[in-house]
Amino acid sequence: MLLDFAADKVIKKYQQATCEQLKAQRGEQPTDREKMAIDYLRNDSQARVAFIDKVAAPVLNKMFECGVIP
């Protein structure tokens, strides 16, 4: 459930942000809470796969639309 909450939060962030906002946020440091989540995903491969499977399409589509990736 926590994993779904985090994935939904990431998806919502990308869906609601403008391209300019996303480009500006690229250089920002993660918060302590985000660092904890990143560490968790680095240490739990099953959780990482589930998280990436859920967020990959919406996030990458937005990045493509914004010209952040080729």
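Each reported figure results from applying straightforward, stated rules to the coordinates on display, with no laboratory input. Everything quoted here is computed from the prediction, not taken from an experiment. Backbone-built Cβ (ideal geometry, glycine too); neighbour counts: all protein chains shown.
Tabulated data for the structure shown
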read-out: Degrees, to the nearest 10: 45-65 long Cα axis against longest axis of the chain; value: 10
read-out: With Cα atoms, 0 to 90° folded angle of helix 32-43 axis to the chain main axis; value: 60
read-out: Partners for residue 13 among lysines (Cα-Cα distance below 16 Å; same-chain residues under 8 apart left out); value: 23, 54, 62
read-out: Loop sites in the chain: GluC sites (Glu not before Pro), DSSP, at most 16 other Cβ within 10 Å; value: 28
read-out: For residue 44, distant residues with modelled amide H under 5 Å away; value: none
read-out: Cα-based helix-to-principal-axis angle, 2-16 vs the chain, degrees rounded to 10; value: 0
